[in-house]
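The values are calculated or read from the model by the stated rules, or taken from the named source; none is laboratory data. Nothing here was measured: the structure is a model prediction, and the numbers come from that model. Methodologically, a virtual Cβ is constructed for each residue, glycine included, from the backbone with ideal geometry; neighbour enumeration extends over all protein chains shown. Heavy atoms of the whole protein, side chains included, go into the accessibility calculation; ligands, DNA and RNA do not. Shrake-Rupley method; radii C 1.70, N 1.55, O 1.52, S 1.80 Å.
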Amino acid sequence: MAVGRIWVVTESSGGVASPAGLELLAAARRLAPVVEAVHWGGDAAEVAAVLGGHGATRILTVGDLEGALPAVPVAAALAARIEASGPPDAVFLTASYDQRDLAGRLSARLDRPVLTNAVGVTEGADGLLAEHAAFGGSTVVRARITAPPPHLFVFRPRTFAAEAAGGPPADVEVLAVPDTGAAGAATIVHRHVAERAGPALDEASVVVAGGRGLGDPSRFGLIEQLARRLGGAPAGTRAVVDAGWVPYSYQVGQTGTTVKPTVYLACGISGATQHLVGMKGARHIVAINKDRDAPIFGVADLGVVGDVTKVLPRLLEALDARDDRGGTQ
Amino acid sequence: MEWVGEYAGMKVAVCVKQIPDPATPGRLDPTTNTLVRDGKLILDDSDAYGVEMGLQLVDAAGGGEVVLVSMAPHRETGGLRTALAMGADRAVLVSDDALAGSDALGTAKVLAAAIRPLGADLVLAATESTDGYTGTTPVQLAELLGLPSVTFAKRVELEGGGLRVRRQTEAGYDEVTCPLPALVTVTAGVVEPRYPSFKGIMGAKNKPVDVHTVADLGLDPAAAGWSGARQVIVDVAPSEQRRAGEVVEDQGDAHQAIIRFLEQIKVL
Ligand SMILES: Cc1cc2nc3c(=O)[nH]c(=O)nc-3n(C[C@H](O)[C@H](O)[C@H](O)COP(=O)(O)OP(=O)(O)OC[C@H]3O[C@@H](n4cnc5c(N)ncnc54)[C@H](O)[C@@H]3O)c2cc1C
Ligand SMILES: Nc1ncnc2c1ncn2[C@@H]1O[C@H](COP(=O)(O)O)[C@@H](O)[C@H]1O
């Protein structure tokens, strides 16, 4: 059962396509000859070049939604498009706030199941197989949808690497939004953007993460300093998020962000399975923990058995000294 | 919905999932490849926030009712009793052998059939469950009920006959307004769930729990359970494991080892 066409849901803002959509385009391109991007917002023409360059031949855009939450109007527009011109074989979505909603809306509207939390996809004899991590990532479960298309898959971000394909700018097709009645009535009245210096957590190549082992919220400053010093992003465990030390946007793990940096520094973190699933994809892992038996050492390339509150200040000092000596970058 | 004063008579349906204790490790059934769910079920911690939110909103509205809705095997009520002890008024439980193997959409269809007759002003659920964590069930439910939905709520308030919700986003949060009836999913920390009091625990024993089967709800049995899920697990394999690397004991010089490592991988 060859796959012919995949829709990839992308997000963009102010003419900049989010990396998650580009990652999914790279995966879809390997599986299907025709890949089309689903899009909303007023910047379809501006992202046509980058989406085309990553393999989308066409952008199906719902246009500017003027404050409506996207899931309901986008699902309605896609359902109408499917009704008129037939379904794609699959729709690939990212587990973002809006796209999880979109997956739910589409699934119920089209009466199709959806496979969520996928961390890989391959082509099997009977269609696409989604890979899922079970038991804290120790097990891979592969699942397939038996319902008619479209098959809906929601991937964890950072599952694939984005890769330009060098295609021409994508064509833009504007989809009409049918009346969604009461279901479409939720409206954004104000957007609050938290200030964040440095790279976004899920895009950073260095992530410095702190856990309860720091002992005290004020010591989280050590994490922030080290992250800044290494040009990376600070992060935390659910334990420190729930304790109110840092906002939810810092949380790495099953119920937080998935990261795949070049290096992940875990400081005072035990390495619970729900944390590990969010960071095990890092190329390198360094862990500092005073307990030699902490599970985090099971995944660390370099493990330091020691007190974070002592090691981190010395590390920061040594990095400063190294700068003064004109150390290389 | 009967409005007395501005909000009195608000009816909130709270979805609560009853799950195996997450502290005891799960296992897969070797023949069906699904999670084994025997033993006692407890209230999913994630849903305690919805229960608390419901109780607080009914209070703010000047009265009303919090109705729990759950789908669970073997007429399980362990988790429901916990939520009733917190103060919920009654519960609707759907339990039927035909529902074994239901996926998120199947679950949403069952919950929709159970919630529709309630005439709720607001349906609350958690952002995602602890054991399934698809996070799609509530929005599927909203679509089936024809309701607007606001997910990832960090704060929920009644305002002008509708809701004002602070919704978590990648960048920060959005303030969202939404008319009622609606469905909202709450994140951990939206409110602080109360502990059931002794009086609450005793009182919960006598609160009504209506139990329904698939047939009661007028659902097609073929649309539920394994067959309704229309997805199959193809195989299960151990994943490639990361191997532990070097471990050094800090003797006052471990920061040097870290710097050398960062240099080696060209981060410094
Ligand atoms: C459904 C569910 C979802 C979850 N999702 C997530 C998630 O997304 N992300 C997440 O992170 N967690 C998640 N958790 C929680 C997870 O199970 C752990 O509780 C959490 O990750 C622990 O955080 P921690 O490592 O900071 O704290 P702890 O487990 O308390 O570990 C602290 C560590 O610090 C060490 N330590 C103490 N003092 C020092 C010192 N002075 N120097 C060095 N080391 C020290 C200790 O040895 C210990 O290993 C989830 C749990 C559930 C049930
Ligand atoms: N069987 C169920 N009974 C009641 N509520 C449920 C059930 N399954 C899911 N829910 C609700 O939907 C939320 C998200 O579940 P999930 O889609 O499994 O992540 C849960 O936290 C519950 O609030």
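Between rounded, prolate and oblate, where does the stretch A:1-44 land on the alpha carbon gyration tensor, with a ≥ b ≥ c its root eigenvalues, rounded for a/c under 1.5, else prolate if a/b exceeds b/c?
In terms of gyration-tensor shape, prolate.
Can you figure out the FRET efficiency of A:Ala197 with A:Ala147, using R₀ = 41 Å and their beta-carbon distance, to the nearest 0.05?
0.35
Go ahead and collect, in residue order, the members of the stretch A:205-223 whose backbone nitrogen is under 13 Å from a label point 7 Å along the Cα-Cβ direction of B:Arg242.
So the set is A:207-209.
Can you tell me the 0 to 90 degree angle between the C-alpha axis of helix A:71-85 and the longest principal axis of chain A, rounded to 10?
40
Rounded to the nearest 0.05, what FRET efficiency do B:Arg116 and B:Glu157 have when you use their Cβ-Cβ distance and R0 = 25 Å?
0.45
Under the rule of at least 5 residues apart or a separate chain, name every residue whose amide H is placed under 5 Å from the amide H of A:Trp245.
The list, which skips near neighbours in sequence, is empty: none.
What does the charge count near A:Val141 come to, summing +1 for each Lys or Arg and -1 for each Asp or Glu among other residues with Cβ under 10 Å from its Cβ?
That works out to -1.
Output the Cα-based Rg and Dmax of the protein assembly as shown in Å, rounding Rg to one decimal and Dmax to a whole number.
In order Rg, Dmax, the Cα atoms of the protein assembly as shown give 24.4, 78 Å.
Please give me the summed charge of the neighbours of A:Ile285: other residues whose Cβ is under 10 Å from its Cβ, Lys and Arg +1, Asp and Glu -1.
+2
Could you list the trypsin sites (Lys or Arg not before Pro) in the stretch B:182-268 that lie in coil according to DSSP, counting only those with at most 13 other Cβ atoms within 10 Å of their Cβ?
Answer by residue number: B:Lys205, B:Arg243, B:Lys266.
Return the average number of partner chain Cβ atoms within 10 angstrom of each residue Cβ along peptide A:175-187.
Going residue by residue through A:175-187 and averaging, the value is 4.
How big is the antiparallel share of DSSP beta bridges in the protein assembly as shown, given as a percent to the nearest 5?
The answer is about 40 percent antiparallel.
What do you get for the angle between helix B:45-60 and the principal long axis of chain B? Use alpha-carbon atoms, 0 to 90 degrees, nearest ten.
The angle comes out near 40 degrees.
Just want the answer: with Cβ charges of +1 for Lys and Arg and -1 for Asp and Glu, which residue in A:Leu25, B:Met202, A:Ala45 is farthest toward the dipole's positive end in the protein assembly as shown?
So the residue furthest toward the plus end is B:Met202.
Based on the Cα coordinates of the stretch A:201-324, what is the per residue volume of their convex hull in Å³?
Cα convex hull per residue, to the nearest whole number: 89 Å³.
Compute a Gaussian network model of chain A, connecting alpha carbons closer than 10 Å, and tell me which residue from A:Ala90, A:Ala133, A:Ala209 fluctuates the most.
Residue with maximal mean-square fluctuation among A:Ala90, A:Ala133, A:Ala209: A:Ala133.
Mind running the shape call on the stretch A:5-185? Use the C-alpha gyration tensor, a ≥ b ≥ c as the square roots of the eigenvalues: rounded below 1.5 for a/c, prolate if a/b tops b/c, oblate otherwise.
It comes out oblate by the Cα gyration axes.
How big is the dipole moment of the stretch A:132-190 about its Cα centre under a simple scheme where the beta carbon of each Lys and Arg is +1, that of each Asp and Glu is -1, and everything else is neutral? Debye, nearest 20, please.
Roughly 460 debye for the stretch A:132-190.
What are the residues whose amide H is under 5 Å from the amide H of B:Val247, where those residues sit 5 or more places off or on another chain and H is modelled from the backbone?
Amide H neighbours of B:Val247, under 5 Å, 5+ apart: A:Gly303.
Which residues make up the longest stretch of chain A clear of GluC sites (Glu not before Pro) that lie in a DSSP loop with no more than 15 other Cβ atoms within 10 Å, not counting the sites? Could you put the intermediate results ahead of the total?
Numbers: sites that count: A:Glu66, A:Glu163, A:Glu195.
Here the longest segment lacking exposed loop sites spans A:196-329.
With only Lys, Arg, Asp and Glu charged, each at its Cβ (+1 for the first two, -1 for the last two), find how big the charge dipole of the stretch B:137-252 is about the Cα centre; round to the nearest 20 debye. All intermediate terms of the calculation are to be shown ahead of the outcome.
Values: 12 positive and 15 negative charges, 113 e Å.
Once rounded to the nearest 20, the dipole reads 540 debye.
Pop out the carbon and sulfur fraction of the accessible area of chain A as a percent, whole number, probe 1.4 Å.
50
Using a cut-off of 23 Å between alpha-carbon atoms, which lysines can reach B:Lys109, once sequence neighbours fewer than 8 places away in the same chain are excluded?
B:Lys109 reaches B:Lys11, B:Lys17.
If you line up the long axis of helix A:220-229 against the longest principal axis of chain A, both from Cα atoms, how many degrees apart are they, to the nearest 10?
Computed tilt is about 70 degrees.
Under 5 Å between amide hydrogens, which residues at least 5 positions from A:Gly124 or on another chain qualify, with H placed 1.01 Å from N in the peptide plane?
Those lying under 5 Å, H to H, from A:Gly124 are A:Leu129.
Once you place label points 7 Å from the Cα toward the Cβ at B:Met202 and A:Glu224, how far apart are they in nm?
With each label placed 7 Å out from Cα toward Cβ, I get 5.0 nm.
As an exercise, take the mean of 1/r over every pair of distinct alpha carbons in chain B, invert it, and state the Kirkwood radius in angstroms.
Radius from the Kirkwood sum: 20.5 Å.
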